[in-house]
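Have a look at the structure below before the remarks.
What follows is calculated from the coordinates using simple rules that are stated; it is not laboratory data. Because the structure is predicted, anything quoted here is derived from the model rather than measured. Note that each Cβ is placed from the backbone with ideal geometry, even for glycine, and that neighbours are counted across all protein chains shown.
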Amino acid sequence: MTQPNSHIAPNETAAQHAAFEARIERGEKIEAGDWMPAEYRRQLIRMISQHAHSEVVGMLPEGEWIASAPTLKRKTILMAKVQDEAGHGQYLYHAAETLGATREGMIDALLTRRAKYSSIFNYPTTSWADVGMIGWLVDGAAIKNQTMLAGASYGPYSRAMVRICSEETFHHKQGKEMIVAYAVGTPAQREMAQDALNRWWWPALMMLGPHDADSPNTGIMSKWGVKLKTNDEVRQEFINEHAPELLEAGLTIPDPDLHQDEQGNWKHGPIDWTEFWAVIKGERGLGAERLATRQAAHDDGAWVREALQAYTDRQRAVAAD
Ligand code: BYC
């Protein structure tokens, strides 16, 4: 007996869904004006807006270090990186707007905790090496996930991913270059790099989402060609690339159970998912501070929004005349 499709909304038909899924099956991109199931639209707005929020909140942990960068070269690299993240937020908010979401609605959802942003940005940056470790591990994890999303079925999201990934590649390289240099540097530099790895390794693994068995959205997102790999598959790719490179740099990965299996995959020990959910809910980590900073930035920007509105109103009045 065929299971009823629970994603068919009352005003949608099975035939519409079948035609839509056939387009995805043929590898066609779904574009903004095309027919799509309401649930596809809802899921994409959820995921793309949360991705946008992550880019913008993600400017905060590294941005704190711009004033204390050790050299002019490192400072200019970091400034460029943080500005890139703002740009990524813009592309992604625009991609979500093509689905009917409004900027005001998305920002309100972030500030009132109805929308999430990546758990990784609720961890503090307590030393300069954290900037390098974020580049190497956090951008490294993000690239694995976003390279997959560049093949997503929704055209505007997939195209945003292509551009973002090319910029993230530079972020990843600068982080790796910094940490590898410190790992063979002075004892103090080596200690700083190791301490950063100790604090960022597990959050970086968690950032890629809960295990597949605990991921309620993966099923439908895979069926509709948005997620082309599961959370655990992307996590495995991330570890397979990064574990040997970190070890080669002379660092110790803080997981006594980490080992390579017969297939060559690096297997990690148990992940503390209690910490993950507590960090997302703001019960642990810097959730309250991050949102307070975003709220203050939003309030400080009120005059810009008012000025833009006044300008638009005047242009409209002139056009009406
Ligand atoms: N943090 O069913 P699941 C960057 C939520 S920024 C918080 O597996 P899904 C960078 C999930 O939303 C790059 N929440 O969800 C920027 C869901 O809750 P809702 C960030 C998480 O969507 C600045 C629930 O848990 N990348 O690179 O199928 C500086 C169940 O999960 C997290 C993106 O945002 C988390 N880590 O898969 C440096 C990529 N994980 O929404 C670097 C786009 C899960 O049902 N997003 N949740 O209430 C995705 O690819 C997917 O959303 C995820 C999760 C793989 C993250």
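Just a few scattered comments:
- Hits in region 110-137 (condition: near the ligand (Cβ under 8 Å from one of its atoms), within 25 Å of Thr71 (Cβ to Cβ) and among the aliphatic types (A, V, I, L, M)): Ile134
- Residues in region 198-226 that are hydroxyl-bearing (Ser, Thr, Tyr) and part of a loop (DSSP other than H, G, I, E, B): Ser215 alone.
- One residue stands out in region 237-258 among those that are charged (D, E, K, R) and more than 17 Å from Gln194 (Cα to Cα): the one that is surrounded by the fewest Cβ atoms within 10 Å (Cβ to Cβ), namely Asp257.
- Positions within region 157-186 being of a type in the set (A, V, I, L, M), part of a helix (DSSP H, G or I) and farther than 21 Å from Met47 by Cβ, in sequence order: Met178, Ile179, Val180, Ala181, Ala183
- Single unsatisfied condition, Gly225 versus (1) farther than 21 Å from Ser54 by Cβ; (2) within 14 Å of the ligand (Cβ to nearest atom); (3) surrounded by fewer than 20 Cβ atoms within 10 Å (Cβ to Cβ): (3)
- Complete set of residues in region 96-119 that are part of a helix (DSSP H, G or I) and surrounded by 17 or more Cβ atoms within 10 Å (Cβ to Cβ): Ala96, Glu97, Met106, Ile107, Ala109, Leu110, Ser119
- Filtered residues of region 212-259 (kept if farther than 18 Å from Trp273 by Cβ, touching a strand residue (DSSP E or B) at 6+ places or on another chain (Cβ under 6 Å) and in contact (Cβ under 8 Å) with a residue 24 or more places away in the chain): Asn240
- Flag if Glu233 is outside any helix (DSSP H, G or I), closer than 27 Å to Thr147 by Cα and either touching a Pro at 6+ places or on another chain (Cβ under 7 Å) or among the acidic types (Asp, Glu) (or both): no
- Filter pass, Ala80 being surrounded by fewer than 21 Cβ atoms within 10 Å (Cβ to Cβ) and assigned to a helix (DSSP H, G or I): yes
- Taking the criterion of being farther than 16 Å from Gly225 by Cβ and surrounded by 17 or more Cβ atoms within 10 Å (Cβ to Cβ), the residues of region 10-45 that qualify are Glu12, Ile45.
- Residue in region 37-50 that is without any contact (Cβ under 8 Å) to a residue 24 or more places away in the chain, closer than 28 Å to Leu286 by Cβ, touching a helix residue (DSSP H, G or I) at 6+ places or on another chain (Cβ under 7 Å) and not basic (Lys, Arg) present: no
- Residue match in region 120-128 (condition: crowded, with 23+ Cβ neighbours inside 10 Å and of a type outside the set (A, V, I, L, M)): yes
- Here Arg290, Arg305, Arg294 are screened, and the one residue that is touching a residue at least 24 places away in the same chain (Cβ under 8 Å), of a type in the set (D, E, K, R) and farther than 23 Å from Pro210 by Cα is Arg294.
- Residues satisfying the stated conditions in region 37-72, i.e. more than 10 Å from the ligand (Cβ to nearest atom) and not in a helix (DSSP H, G or I): Pro37, Glu64, Trp65, Ala69, Pro70, Thr71
- From the list Gly140, Gly100, Gly155, Gly151, the lone residue that is under 25 Å from Ser68 (Cβ atoms) and either more than 9 Å from the ligand (Cβ to nearest atom) or in contact (Cβ under 8 Å) with a residue 24 or more places away in the chain (or both) is Gly140.
- Count of region 274-285 residues which are outside any helix (DSSP H, G or I) and under 14 Å from Leu111 (Cα atoms): 1
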